[in-house]
Structures are given as structure tokens and as C-alpha cells.
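Just below is one structure, and these are the notes that go with it.
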Amino acid sequence: MADFFEPPRFIAIEGPIRVGKSTLSRILAETLHARRIVEPENNPFLDRFYQEMSGMALATQMWFLVERYDQMRQAAKDLAGSDPWPIVADYLFEKDKLFAYINLSDAELALYNRYYQDFRNEVPTPDLVIYLQASPEVLKQRLKRKGLTQEQAISDAYIEQVAKAYEHFFFHYTASDLLVVDTSEIDFVNREQDLALLLKRLSEPIKGKQYFRPPPSPNGA
């Protein structure tokens, strides 16, 4: 029994916009009978930030930081309970700082960091992080296909910058076990066979950094 696989109690899913985080977190939460934590919505500054209006970056970032902190602080309390439910989150708390370094000036970043580190010390570290990666070209195609008005203001240069920042961050990430899933090669949102393979992999132990690369479909579908 010593080798019995114990599933992770806290899973975080990460990756750039339109990579499939929300879909996978919903499916995993349903599969694992877990509590799902979703990215904070209705940021009142976000539309103006995407439109590159002056002064919106710090307000947008601080709103996200406080909301994410409140969610993760509650998650820490839930995980510390005597019989905790598993938790699946569609973001990693550290992603907040990743975007802060992209979006803020040096002076704004100095102010942001005064709050970030105190907040980070109070939030839990996931047992497993699933990093969903995709090329900037794939992300641009998905944004256009989704067609949300708010997202149409996102520039190609910003998408490329975000994708590059994620690659750099997870190249160095060691705080949790990590499964890297290249969503440019598979489509677990629209292809049931890809989803089944991914769920099977997640039912097995993941130690350190590992990669999920299923074999291509024989018919190329």
C-alpha cells in the first residue's frame, strides 16, 4: 500500500488567454468532485486597459491581485480543514506577478511588489500545476474565432509578449509538480479522444516536470 497513488488535493491550471484553462478546470472539477476556483471576473478597469488607455495598468493589476488573494486565502482555509475537498483552480497565484512585470512601469511595479509578497506568503502552493501552452499564432486564431468584443482590442504584440512570458516562467518553475500540455498539437476542447488521453494521464503520478504529448491520430483528425 505504500506505493498507492494519492491524487493531488490542489491543482492549478495555467496558460495564456484562449488556451483552454476554463474548460479543463470545469471538466477536472466535475471528474474529481472538486471545488472549482475560477479567475476573477468583471474587472472594471480591464476594457480600458485593453484599449491601451493611460493609467489603467496599475488599477487593473491591483484589482486582480486583491481578488485572487481573497480567493486563494479561502482555498488555504479549505485545504487546512479536517476533511478537505480537492480544489481545482483555473489560475496560479504567481501569474499575477507575471502580468505585472509585463504591464507595469518600474515605479508602479515597486508599489505592486509591496503588496504581492505579503499576499503570496498567505496563499497555498498547488500540489500539481498543468501548464497549457500554445503558439502565439494559435492563440490569435482562437481569439478571432471566439469573437468576444472585449478581446478584439488585444494586440498581436501583446499576445506574443504574454506567450513568451509564460514560456520563460514555466521553464524555470519548480514550486510544484508540473505537467506541460501543448494545446497546439491536441484539442481536448473539441476532440473527445484527446480529452480521454489527457484525463488518463492525470490519473497517474506526475513528478517534477513532465510533458503530455499523445501520439497523433492515424487519420490526422
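The values are calculated or read from the model by the stated rules, or taken from the named source; none is laboratory data. This is a predicted model, so every value here is computed, not measured. Cβ: placed from backbone, ideal geometry, glycine included. Neighbour counts: every protein chain shown. Only protein heavy atoms, including side chains, enter the accessible area calculation; ligands, DNA and RNA are left aside. Shrake-Rupley method; radii C 1.70, N 1.55, O 1.52, S 1.80 Å.
Here are the numbers for this structure:
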{"read-out": "Thr23 accessible area, 1.4 Å probe, all protein chains in place, Å² to nearest 10", "value": "40"}
{"read-out": "Rough spin-label spacing in nm, given labels placed 7 Å along Cα→Cβ, for Ala157 and Asp83", "value": "5.6"}
{"read-out": "Exposure of His172 as accessible area (Å², to 10), given a probe of 1.4 Å and all protein chains", "value": "110"}
{"read-out": "Cross-link pairs Lys21/Lys209; Lys77/Lys209; Lys77/Lys200; Lys97/Lys164; Lys21/Lys144 - those with Cα-Cα distance over 21 Å", "value": "Lys77/Lys209; Lys77/Lys200"}
{"read-out": "Of all accessible heavy-atom area on the chain, the percent that carbon and sulfur account for (1.4 Å)", "value": "52"}
{"read-out": "Integer Hz, Karplus 6.51/-1.76/1.60 couplings in order for region 82-93, x for Gly and Pro", "value": "5, 9, x, 6, x, 10, 10, 10, 8, 7, 9, 4"}
{"read-out": "Of Glu14, Glu167, Glu41, the one that fluctuates the most in a GNM where the chain has Cα springs shorter than 10 Å", "value": "Glu41"}
{"read-out": "Translational diffusion of the chain, µm² s⁻¹ [Kirkwood Rh, Cα pairs; Stokes-Einstein; 10 °C; 1.306 mPa s]", "value": "86"}
{"read-out": "Value at 222 nm in deg cm²/dmol, rounded to 500, when DSSP H runs of n ≥ 4 in the chain each add -39,500 (n - 2.57)", "value": "-14500 deg cm²/dmol"}
{"read-out": "Mean accessible surface per residue for the chain, computed with a 1.4 Å probe while every protein chain stays in place, in Å²", "value": "55"}
{"read-out": "Selected from Asn103, Asn113, Asn42 as most flexible by GNM, with the chain as the system and alpha-carbon contacts under 10 Å", "value": "Asn42"}
